[in-house]
Amino acid sequence: MHSIIKIASALLFGLVIAVMWLSNYDRYAVEIQSQQETLYGSLVLPKQSADKPVPVVIFVHGDGPISSGSYGYYNPLWQALAEAGVASLSWDKQGVGGSSGHWLGQNMTQRAEELSAAIDWVSKQPNLDSQRIGVIGFSQAGWVLPSVLAQDKRLKYAVMVSTAVNWEQQGHFQTVQRLKSLGQEGQLLAQNLDYNEALDALLKQRVPYKTYQQFITQSAPQSYGGKVMSRSRYEFVINNMQVDASAMLEQVKQPVLALFGDSDQVVDIHQSIDTYQSKLSGPFSYKVYEEADHGLFKNEHFAGIRKDSIWFGVKMNWLGADGLTEQFVADVLSWVTTHAQLNAQGALVDGE
């Protein structure tokens, strides 16, 4: 079994290297200072030379220990943006790669401070156009982007991918979907949801970790399933579970595009869309892709495959853009080039 894992790991590493080698962009290592931490990341620039500073899209990760390239997930977007003359900026989350700190020690305010630090960094780079900065955020970034968009007009537009608005509501939705996927319904489902509500109430009290463990041991129905959180994950959850982006959304004036998959089992996409439509002050567009999951991967290729498995990483890098739902990359590219005022050749519209 260990030999199979080693082979799969080597294959995944080889695929990532091959993708980078065959890419149409140049990738540079960068350092960004945010508060007391140093973030190591990637600046992706088009290979073709540019006479003027190029526009840039800042990538903001979702949950988990994610590298600057999200282990290959961002590559189709980086490729398409580079072809259009647009740069991309991303970084290893805290405690990942070379970045200091630890992502489980952060709250959403601190993650927003990282984005602000990245905007400051971009504004100091002579080869990047500080007047044409956009942002794309995935999943958990729905609790990061709104406050920065509301407060920093250097961001000209945003793309939200599979994002939620209210942490507790998102967690409840995800639990319901997990239990239903186990075939639960009726009284059994109601029993487990009552337990989940009691668990949330306990977490809101920020009880000691041992109290949480005792509650799980004594009260969790066997049919509930789920994993006991590690101490660090527990601290992360109680520090963030009351996050709600609704109020900040009302202050966002920039154009926002929201993209979702109809098979998302993590985020209630209809609740997110309804909230964005009612709260956002600026122009808002959205799209729901058919037969696509939370990561906007095609169900036909990735249904039933654990997203944290090596085989998923191998398949994702092997398929590239073909593994993502149709038009996702094209829709992001169209939105970015329109709001960065670029034509099809990557030049400024009307010579601006």
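The values are calculated or read from the model by the stated rules, or taken from the named source; none is laboratory data. As the structure is a prediction and not an experimental result, all values here were calculated from the model. We place every Cβ from the backbone using ideal geometry, glycine too, and count neighbours over all the protein chains shown.
Observations
- Conditions (1) of a type in the set (Phe, Trp, Tyr); (2) at pLDDT 95 or above; (3) touching a helix residue (DSSP H, G or I) at 6+ places or on another chain (Cβ under 6 Å): number failed by Tyr71: (2)
- Enumeration of residues in region 24-35 that are under 21 Å from Glu113 (Cα atoms) and in contact (Cβ under 8 Å) with a residue 24 or more places away in the chain: Val30, Ile32, Gln33, Ser34, Gln35
- Considering region 264-295, the residues that are of a type in the set (Val, Ile, Thr) and in a loop (DSSP other than H, G, I, E, B) include one that is farthest from Val161 (Cα to Cα), namely Val266.
- Check on Phe302, under 25 Å from Val176 (Cα atoms), surrounded by 14 or more Cβ atoms within 10 Å (Cβ to Cβ), modelled with pLDDT under 95 and not assigned by TED's automatic domain parsing to the domain that holds Leu179: yes
- Qualifying residue in region 74-89 (condition: within 23 Å of Asp308 (Cα to Cα) and without any contact (Cβ under 8 Å) to a residue 24 or more places away in the chain): yes
- Given (1) small (Gly, Ala, Ser); (2) modelled with pLDDT under 95; (3) in contact with a strand residue (DSSP E or B) (Cβ under 9 Å, 6 or more places away or on another chain), number of the condition Ala292 does not satisfy: (2)
- Phe236 more than 29 Å from Gln79 (Cα to Cα) and crowded, with 16+ Cβ neighbours inside 10 Å: yes
- Only residues that are part of a helix (DSSP H, G or I) and over 14 Å from Ser272 (Cβ atoms) were counted in region 140-153, giving 5.
- Tabulated pairs, region 232-246, first more than 16 Å from Gln94 (Cα to Cα), second assigned to a loop (DSSP other than H, G, I, E, B) and of a type outside the set (Phe, Trp, Tyr), C-beta under 7 angstrom, 6+ apart or interchain: Val237/Met229; Ile238/Arg206; Asn239/Asn107; Asn240/Asn107; Asp244/Val165; Ala245/Val165; Ser246/Val165
- Restricted to region 31-46, and to residues there that are among the aliphatic types (A, V, I, L, M) and closer than 16 Å to Leu81 by Cβ, the residue that is surrounded by the fewest Cβ atoms within 10 Å (Cβ to Cβ) is Leu45.
- Here Lys180, Lys156 are screened, and the one residue that is surrounded by 17 or more Cβ atoms within 10 Å (Cβ to Cβ), charged (D, E, K, R) and not in a loop (DSSP other than H, G, I, E, B) is Lys156.
- For region 307-329, the criterion of being assigned by TED's automatic domain parsing to the domain that holds Glu83, modelled with pLDDT under 80 and not in a helix (DSSP H, G or I) is satisfied by at least one residue.
- Of all the listed residues (Thr175, Thr109), the sole one being touching a residue at least 12 places away in the same chain (Cβ under 8 Å), surrounded by fewer than 24 Cβ atoms within 10 Å (Cβ to Cβ) and either assigned by TED's automatic domain parsing to the domain that holds Lys227 or on the phi > 0 side of the Ramachandran plot (or both) is Thr175.
- Met248 vs. criteria in a loop (DSSP other than H, G, I, E, B), out of contact with any strand residue (DSSP E or B) (no Cβ under 9 Å at 6 or more places or on another chain) and closer than 30 Å to Val207 by Cβ: no
- Scope region 35-60; condition modelled with pLDDT of 95 or more and among the small types (Gly, Ala, Ser); matching residues: Gly41, Ser42
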